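Engineer: Here it is: the structure, laid out below.
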């Protein structure tokens, strides 16, 4: 019975992954023709619907959507560290001109970078942290925790996460590690979502002032 259930879960997870890849590629490819630039929003909604449609995925995600960790001061300390470390790494990368896209560094130092407009900023601050945390620190991280050591689960999910952000590859790797540690420690994706959202707000707009 357990073997049959395990096989069903494996097939379900494989189907879920294939559907995610297909819809993600399709939305990205037809973004301008079909979605008028709203592909990111459509993808976020499709991801949430797909994730809730598979019972094996729901069992991973739903327990992680809880606010109990906010009763502990350590959660806020973890979130502060989760913002401070990438902030420090970003400043060092810009100062020493390392670990980041050279063009971004030159633009930043010469005051040529502009903050995101309203719609892209909403996507970056609300929708991107929502689906990215559910996927990377929710589904992938906790699925891997069942089969590998925590250190490898953190490393694997962080590497995959960084590949989605090639302009900030190393910085995204560090952010991924920190967010994964926060999620494992709190057993909730809410703190990492909020931390991720604040970080995106900084890199999307607040960097102009800080």
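Where a number appears in this text, it was derived from the coordinates with a stated rule and is not lab data. Since we're looking at a predicted model, the values are computed, not measured. Counting neighbours? That spans all protein chains shown, and the Cβs are built from the backbone with ideal geometry, glycine included.
Engineer: Please list, in order, the residues from the range 49-71 whose amide nitrogen is less than 16 Å from a point placed 7 Å along the Cα→Cβ vector of residue 11.
Structural biologist: Correct set: 54-57.
Engineer: Sort 190, 182 so that the residue with the fewest other Cβ atoms within 10 Å of its own Cβ comes first and the one with the most comes last. Mind showing how you got there, number by number?
Structural biologist: On the way: 190 19, 182 26.
The fewest-first ordering by Cβ neighbours comes to 190, 182.
Engineer: Right, something else. Please find, in a Gaussian network model of the chain (springs between Cα atoms separated by less than 10 Å), the residue of 160, 174, 184 whose mean-square fluctuation is greatest.
Structural biologist: Most flexible of the set in this elastic network: 160.
Engineer: I need the shape label for the range 1-81. Rule: rounded when a/c is under 1.5, else prolate if a/b > b/c, else oblate, with a, b, c from the alpha carbon gyration tensor. Working shown, then result.
Structural biologist: Details: a/c = 3.17, a/b = 1.15, b/c = 2.75.
It comes out oblate by the Cα gyration axes.
Engineer: Most mobile of 147, 139, 125 per a Gaussian network model of the chain (Cα springs, under 10 Å)?
Structural biologist: 147
Engineer: Also, quick follow-up: Where in the range 36-53 is the amide nitrogen less than 12 Å from a point lying 7 Å along the Cα-to-Cβ axis of residue 19?
Structural biologist: Backbone N within reach: 46-53.
Engineer: Over all directions, average the projected area of the Cα convex hull of the range 53-135 and note it in nm². All intermediate terms of the calculation are to be shown ahead of the outcome.
Structural biologist: Working: hull surface 32.9 nm².
Averaging across all directions leaves 8.2 nm² for the Cα convex hull.
Engineer: If you fit an axis through the alpha-carbon atoms of helix 190-204 and take the longest principal axis of the Cα set of the chain, what angle between them do you get, 0 to 90°, nearest 10?
Structural biologist: Its long axis makes an angle of about 30 degrees.
Engineer: Checking the a/c ratio against 1.5 first, then a/b against b/c, what shape does the Cα gyration tensor give for the range 41-96?
Structural biologist: Judged from the Cα gyration tensor, the range 41-96 comes out oblate (a/c at least 1.5, b/c at or above a/b).
Engineer: Still on this structure, please answer the following. When only C-alpha pairs under 8 Å and at least 6 residues apart count, what is the relative contact order of the chain, in percent? Walk me through the numbers on the way to the answer.
Structural biologist: Values: 189 pairs, mean separation 56.4, N = 210.
It rounds to 27 percent for the chain.
Engineer: Compute the angle between helix 2-29 and the longest alpha-carbon principal axis of the chain, please, reported from 0 to 90 degrees and rounded to the nearest 10.
Structural biologist: Approximately 40 degrees, to the nearest ten.
Engineer: Same structure again: Can you tell me what the convex hull of the Cα atoms of the chain projects to on average, as an area in nm²? Spell out each step's value before the answer.
Structural biologist: On the way: hull surface 51.7 nm².
It is 12.9 nm².
Engineer: Please rank 22, 193, fewest neighbouring Cβ atoms within 10 Å first, as an exposure proxy.
Structural biologist: Details: 22 10, 193 23.
The fewest-first ordering by Cβ neighbours comes to 22, 193.
Engineer: From the helices alone, meaning DSSP H stretches of at least four residues, give me the mean residue ellipticity at 222 nm for the chain, per-run term -39500 (n - 2.57), in deg cm²/dmol to the nearest 500. Can you show the working numbers first?
Structural biologist: Numbers: 12 runs with 147 residues, N = 210.
Mean residue ellipticity at 222 nm (helix-derived): -22000 deg cm²/dmol.
Engineer: Would you mind checking the tilt of helix 150-163 against the longest principal axis of the Cα atoms of the chain, expressed as 0 to 90 degrees and rounded to 10?
Structural biologist: With rounding to tens, the tilt is 60 degrees.
Engineer: Starting with the fewest neighbours, write out 92, 123 ranked by other beta-carbon atoms found within 10 Å of each beta-carbon.
Structural biologist: 92, 123
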